[in-house]
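The values are calculated or read from the model by the stated rules, or taken from the named source; none is laboratory data. It should be emphasised that the depicted structure is a prediction, and the values quoted were computed from it without experimental measurement. Please note: Cβ atoms are built from the backbone with ideal geometry, for glycine as well, and neighbour counts cover all protein chains shown.
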Amino acid sequence: MKVLVIGKGGREHALVWKLRQSPRVTRVFCAPGNAGTEIDGENVAIDANDFDRLIRFAKKEEIGLTVVGPEEPLVKGIVDAFEKENLRIFGPSRQAAQLEGSKVFAKQLMRNADVPTAEFRVFDHPAAARHYIETRDYPLVVKADGLAAGKGVLVCSTQEEALAAVDRIMVREEFGAQAGRQIVVEKRLFGYELSILALVSGRTILTLPPTQDHKPAFDNDEGPNTGGMGAYCPAPMPSPELIEEIERDILIPTVHAMKRARMPFRGVLYAGLMITNQGPRVLEFNCRFGDPEAQPLLMRLKTDLLDLLDAVVDNRLETQVESGVEWDSRPSVCVVMASGGYPGPYSKGEVISGLDDVAELPDVKVFHAGTIRKNNLILTDGGRVLGVTALGDNLAQARRKAYDAVERIRFSGAFWRRDIGLKAILSPPSSPPN
Ligand code: AMP
Ligand code: GLY
């Protein structure tokens, strides 16, 4: 089978790399891809949101399965567009992708399905939102309804900050007019964060091993939030009971509610959770693999990824649940190397060296994100440049291998966090803080 992966980040490189290992796969294309997907697959110069050209390409090449990485094409309806042309594609429909594409939709679905989440109100006028904020005596989070490249969530400590957040989203429209037309104002929760990803098809849910992202740019969770500066898998869990609770109280009722609403979810359901003293609460849903979470996750996957994705697309995921999914018992760590200045402005076109050297290291894989090949050089082409990922006998060893590899790679202005996975080694969570 020929497969097509849509997107150009580290997640997409990991998908290409893993799909390439399937004995059933003959060719893997990536649109538009990066320098890494060009090494492990074949790049196609079509933008991820250019559905017409992607469909023409899929027909011409007789692509057997298209796998969508990023949220934007999903929210814009790429799955519906492909299916209308009888093309097989992995991901939720436009309606189902609203779980990520609209915070208002997601919160209302959770309220109706009794899924635990922060108390909230929805506003479409700033005046009413301001009045609400002035009458709350607890910290709040203000969220733009629509997609805002992960930036439309403002976590506030004071009333002044929350009022300013309303202004930024609704009045100054910093995240776009459409994304800020409605806002969610919700209670700020405290605890620790955890991402749980599951493959979902109809009513069947296959929960994947927990992964832990590191969103702030700098060590000790300092600095501005990024798309994710590194991740490790499996994240140590306080107890298997917690996973059970998350499945019973969050994943199952959400998936059933989507089915009842006649928008059955198919694809990856990613629940961003806060584990509080009162139990797990949903902060957000995403409708795709996390980036960088996919990198350490797929590094550990032993089952054929194509088999798993096929089972979702063909609505027979329960057969995979029965036969089980095989994971490498060793943990994995992914350290993101970023361009100086990210998540703010940064330069592009810096020469990356050391990649050949690192390619020889056992149990290490460098997933490319913002990279491009020019002549025989690999240059930086984005904020997050590489996801250096390693397997180790334990988390400490996986960390050591990943950081050894990082030290051998150079580009001007490169920076990375030095503490990916470190907290789990120094103080494994035994019970939720606070
Ligand atoms: P979201 O895109 O909704 O996940 O928000 C991005 C980040 O904002 C989350 O990963 C949390 O760190 C934070 N966040 C969102 N909602 C809340 C909340 N109700 N309380 C505390 N932090 C939150
Ligand atoms: N790493 C966070 C995300 O993929 O949304």
Would you be able to say whether some residue in region 337-352 is closer than 28 Å to residue 309 by Cβ and either surrounded by fewer than 20 Cβ atoms within 10 Å (Cβ to Cβ) or in contact (Cβ under 8 Å) with a residue 12 or more places away in the chain (or both)?
-> no
So which of 285, 265, 218 ends up being among the aromatic types (Phe, Trp, Tyr), over 28 Å from residue 416 (Cβ atoms) and more than 13 Å from the chain's Cα centre (by Cα)?
-> 265
Filter region 164-194 for residues that are in contact (Cβ under 8 Å) with a residue 60 or more places away in the chain, within 16 Å of ligand 2 (Cβ to nearest atom) and surrounded by 22 or more Cβ atoms within 10 Å (Cβ to Cβ) and give the result.
-> 194
From 79, 5, which residue is within 26 Å of residue 389 (Cβ to Cβ) and of a type in the set (A, V, I, L, M)?
-> 5
In region 109-146, the residues that are modelled with pLDDT of 95 or more and of a type in the set (Gly, Ala, Ser) = 113, 118
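Table: residues versus (1) surrounded by 15 or more Cβ atoms within 10 Å (Cβ to Cβ); (2) away from ligand 2 (no atom under 16 Å from the Cβ); (3) more than 22 Å from residue 390 (Cβ to Cβ); (4) of a type in the set (Gly, Ala, Ser).
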| position | (1), (2), (3), (4) |
| --- | --- |
| 135 | no, yes, yes, no |
| 145 | yes, yes, yes, no |
| 198 | yes, no, yes, yes |
| 207 | yes, yes, yes, no |
| 211 | yes, no, no, no |
| 214 | yes, no, no, no |
| 230 | yes, no, no, yes |
Selection from region 167-200 of residues that are of a type in the set (Asp, Glu) and in contact with a helix residue (DSSP H, G or I) (Cβ under 6 Å, 6 or more places away or on another chain) = 174
Quickly run through region 387-427 and pick out the residues that are among the hydroxyl-bearing types (Ser, Thr, Tyr) and free of Cβ contacts under 8 Å to residues at least 60 places away in the same chain.
-> 427
Scan of region 312-336 for residues that are more than 26 Å from residue 397 (Cα to Cα) and either in contact with a strand residue (DSSP E or B) (Cβ under 7 Å, 6 or more places away or on another chain) or buried (at least 21 other Cβ atoms within 10 Å of the Cβ) (or both), ordered by number = 312, 313, 315, 317, 318, 320, 321
Within region 29-43, residues touching a Ser or Thr at 6+ places or on another chain (Cβ under 8 Å) and of a type in the set (A, V, I, L, M) come out as 35
From the residues in region 41-69 that are over 24 Å from the mean Cα position of the chain (by Cα) and outside any loop (DSSP other than H, G, I, E, B), which one is surrounded by the most Cβ atoms within 10 Å (Cβ to Cβ)?
-> 58
Of the residues in region 10-40, how many are of a type in the set (Val, Ile, Thr) and part of a loop (DSSP other than H, G, I, E, B)?
-> 2
